[in-house]
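Presented below is the structure to which this report refers.
Since every read-out is calculated from the coordinates, none of them should be taken as a lab result. Computed from a predicted structure; not experimentally measured. Cβ: placed from backbone, ideal geometry, glycine included. Neighbour counts: every protein chain shown.
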Amino acid sequence: MRDVNHSIVRPPETADPIADAHEIMRWAHDTYGDGLCLTASFGDATLVHLANVVVPGIEITLLDTGYLFAETEWFADDLRNRLINIFRRDDKGRRAVFGGYEKMQTDPHFKDYLLFHEYYDGDTGRGLGASHQTGWSALVANMIAELHE
């Protein structure tokens, strides 16, 4: 575990009082660099998203606020598993992400190459939209790696 400076980040007195959240997050990263760590609870999903947009890969520490933390962890684990399952083969060897696209399901030249899409069908898991420049959904690969650490 790394040494953490528990000081609170405060913009200087001369900071623009009308700065938007993106500017403040950029300022914090410019000021503290890779030492910046965001603490958040489950209710801070918007803040976590903002931080990842402005500072991709920022370290985020979940806080146990004493309110529903076990449920929060369960929800996060369940969501992670459902996302990962989109890419896993089922008992018939098929992947939900490929839907009814037989070439991707069965062709030995394609079936082991996963595509990360813009979004996914909520009922079937089939990949929809673009399958290029969609790094956010490739985070599933990180989730899989974390399970095996």
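Quick look at the values:
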quantity: Extension gain (nm, one decimal) between residue 34 and residue 149, 0.36 nm per residue minus Cα-Cα; calculated: 39.1 nm
quantity: Where labels lie 7 Å past Cα in the beta-carbon direction, separation of residue 102 and residue 131 in nm; calculated: 1.7
quantity: Environment charge of residue 93, counting only residues whose C-beta is closer than 14 Å and scoring Lys/Arg +1, Asp/Glu -1; calculated: +1
quantity: Where labels lie 7 Å past Cα in the beta-carbon direction, separation of residue 73 and residue 113 in nm; calculated: 4.1
